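Engineer: Sending over a structure as structure tokens; questions will come in a sec.
Just so it is clear, none of the values below were taken in a lab; they were calculated from the coordinates. Remember, predicted model here, so these are calculated numbers, not experimental data. Because the Cβ atoms are built from the backbone with ideal geometry, glycine has one as well, and the counts that use them run over all protein chains shown.
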Amino acid sequence: MANTQNNQKLASDLRTVITRLIKKLRNKSTVGEKLSLTERSTISLLDQHGELLPSELAAMEKITTQSMSQILNHLLELGYIVRRVSPKDKRKAIISLSKAGQLILYKMRNERDEWLHGALKSACTIREQEMLRRAIRPLTRLVDFD
């Protein structure tokens, strides 16, 4: 019984601290301030996958195709994506990142990485940094768990 309570507390504490860290990291990018969380995530997905259909992006973001259409229109206005007609089906558009989209994504990531690097150096001892290094593998397994 005590082990179950400890595991429940661990789950709650872990959720709380990860959520707070994510929020803090989001605020550490001045470049990405004009983009919503879903817009930033969409740019990241395009970077990861190269080209995607709007319906694929909507499914990955778990939003409607109408909502994704609005997001893509905004990203297109900003010059962060390129939209081209599918050679296989002229009714479909293929979305990819533009050079400007790649640059903004890399700048956002760099700003966050720089902040986190400084925070790790200032707030954590060498031993704590090593503990965090060892925690990456189990945290990755949690992210991949369905």
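Engineer: From the list ILE63, ILE71, ILE94, exactly one residue is in contact with a helix residue (DSSP H, G or I) (Cβ under 6 Å, 6 or more places away or on another chain), β-branched (Val, Ile, Thr) and surrounded by 15 or more Cβ atoms within 10 Å (Cβ to Cβ). Which is it?
Structural biologist: Step by step, each of ILE63, ILE71, ILE94 is checked, and only ILE71 is in contact with a helix residue (DSSP H, G or I) (Cβ under 6 Å, 6 or more places away or on another chain), β-branched (Val, Ile, Thr) and surrounded by 15 or more Cβ atoms within 10 Å (Cβ to Cβ).
Engineer: Inside the stretch 1-54, can you point out the residues that are under 13 Å from the mean Cα position of the chain (by Cα) and closer than 18 Å to SER67 by Cβ?
Structural biologist: Correct list: LEU35, SER36, LEU37, THR38, GLU39, ARG40, SER41, THR42, ILE43, SER44, LEU45, LEU46.
Engineer: What pairs can you find where one residue is in the stretch 29-42 and under 14 Å from LYS62 (Cα atoms), the other is of a type in the set (Gly, Ala, Ser) and crowded, with 16+ Cβ neighbours inside 10 Å, and their Cβ atoms are less than 9 Å apart, with a gap of 6+ or different chains?
Structural biologist: Filtered contacts from the stretch 29-42: GLU39/GLY32.
Engineer: If you don't mind, another one. Return yes when LEU57 is within 14 Å of the chain's Cα centre (by Cα), more than 30 Å from GLY118 (Cα to Cα) and surrounded by 14 or more Cβ atoms within 10 Å (Cβ to Cβ) and no when it is not.
Structural biologist: Yes.
Engineer: Is it the case that some residue within the stretch 51-59 is among the small types (Gly, Ala, Ser) and within 21 Å of LYS23 (Cα to Cα)?
Structural biologist: No, there is no match, as no residue in the stretch 51-59 is among the small types (Gly, Ala, Ser) and within 21 Å of LYS23 (Cα to Cα).
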